[in-house]
1. Mind checking which residues of region 12-43 are charged (D, E, K, R) and at pLDDT 95 or above?
2. Just to confirm my filter: which strands (runs of 3 or more DSSP E) fall fully inside region 119-183 and include at least 3 residues that are under 30 Å from Asn239 (Cα atoms)?
3. Answer yes or no as to whether Asn198 is polar (S, T, N, Q), in the same structural domain as Trp229 (by TED's automatic domain parsing) and either more than 25 Å from Arg311 (Cα to Cα) or free of Cβ contacts under 8 Å to residues at least 40 places away in the same chain (or both).
4. Take the residues in region 75-114 that are in a helix (DSSP H, G or I) and of a type in the set (S, T, N, Q); name whichever of them is surrounded by the most Cβ atoms within 10 Å (Cβ to Cβ).
5. Take the residues in region 306-341 that are of a type in the set (S, T, N, Q) and crowded, with 16+ Cβ neighbours inside 10 Å, then tell me which one is nearest to Ile136 (Cα to Cα).
6. For region 290-305, how many residues meet the condition of being buried (at least 20 other Cβ atoms within 10 Å of the Cβ) and of a type in the set (A, V, I, L, M, F, W, C)?
7. Please verify whether Cys314 is outside any strand (DSSP E or B), outside the structural domain of Met142 (by TED's automatic domain parsing), over 30 Å from Thr110 (Cα atoms) and touching a Gly at 6+ places or on another chain (Cβ under 8 Å), treating the condition exactly as stated.
Amino acid sequence: MKIAQVAPIIERVPPKKYGGTERVVYALTEELVRRGHKVTLFASGDSITSASLRSVYPKCLREAKIKDLYGLNVYTLMNVGEAYQVQEKFDIIHDHTGHVGLPLANISKTPAVITMHGAFDVEMRKIFKSFGKPHIVTISQMQAKHAPDINHIGTVYNGLDMEGFPFSEKAGDYLLYVGRISMEKGVHHAIQTAINLNLPLIIAAKLEKVDLPYFEEYVGPYLSDTIRWIGEVDEAERNELMSKALAFLHPVTWPEPFGLTLIESMACGCPVVAFNKGSISEVVAHGKTGFVVSDLGEMIEAVANINQIDRKECRRHALENFNVQKMTDGYEKIYQKILKS
């Protein structure tokens, strides 16, 4: 098949540090190329890929310090427009830009698949229902339940090539939080868990300007020698932190569509303790690879009992259920189904 993969250009593919969607796009693209498909990746010019690369800007927008980074800036629109402008070259267009590419996908003569990597709030449900021609893939069953009226063709769990992730059967004495510092990600709950149990906490996360008020009230005042914010880290450093952590905390306050860091943590042997929001119970096997909890009190209790979890089982679960081959199998079946219809 001749396949276009359209990535966001905020981060490089694969990302240097933060960037879950870009990590998934990279894994999928590389596996599709390995299987013999002719793939073109529409991404930032500094992206690394075995596919043909087309870009409208030489580097990712974060490094270029483009204004309105997450909005409809000129380069984001040009990136999406570039893919649909040459649509006749492809059998199928797989768009990972969500609602940004939706209007163009809706009038595309080439069949378009959009993977929704974010949550469906009221406004997102409205626009996906209004532009109903593209086939929508969700990344969890719970995410799909939040948007019952969309043109849903199937659910494909995210997968990565995690065989090379470091594994440690022996845990360290610290808790770990990775991702983004924001209210919806619930870093303050991770901090309170660590304080209650008198355990060190490492916060390896980025901070956006929009989240500064949250940081100043809920995070900054609690930073200390034991509650440490080390900023964004690259994949190698993050994986090393995960492999040695006592537990990975994911106290989200929003309906998590998937949670890529959960499978990365488990692949390193690190148990996950997460709030039961969105897809969490689909990704974490409660009592086997961690604990799915309802509130802060349950999170504290779960961490206190984390030694009940077998770190080998964490790795087995992640590599067996969320590998890149399984994800690519799912997308290939969807591509074929669309092209046969």
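The values are calculated or read from the model by the stated rules, or taken from the named source; none is laboratory data. All of these numbers come straight from a predicted model, not from anything done at the bench. Using ideal geometry, Cβ is built from the backbone for each residue, glycine included, and neighbour counts are taken over all protein chains shown.
1. Arg12, Glu22, Arg23, Glu30, Glu31, Arg34, Arg35, Lys38
2. Answer list for region 119-183: 175-180.
3. Taking the combined requirement at face value, the residue satisfies it.
4. Asn79
5. Ranking the qualifying residues of region 306-341, first place goes to Thr328.
6. 6
7. So Cys314 passes the test.
Residue-by-condition table, conditions (1) within 25 Å of Lys326 (Cα to Cα); (2) among the aromatic types (Phe, Trp, Tyr):
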residue: Ala144; (1), (2): yes, no
residue: Pro166; (1), (2): yes, no
residue: Glu169; (1), (2): no, no
residue: Glu184; (1), (2): no, no
residue: Val187; (1), (2): no, no
residue: Ala204; (1), (2): no, no
residue: Tyr222; (1), (2): no, yes
residue: Glu232; (1), (2): no, no
residue: Glu235; (1), (2): yes, no
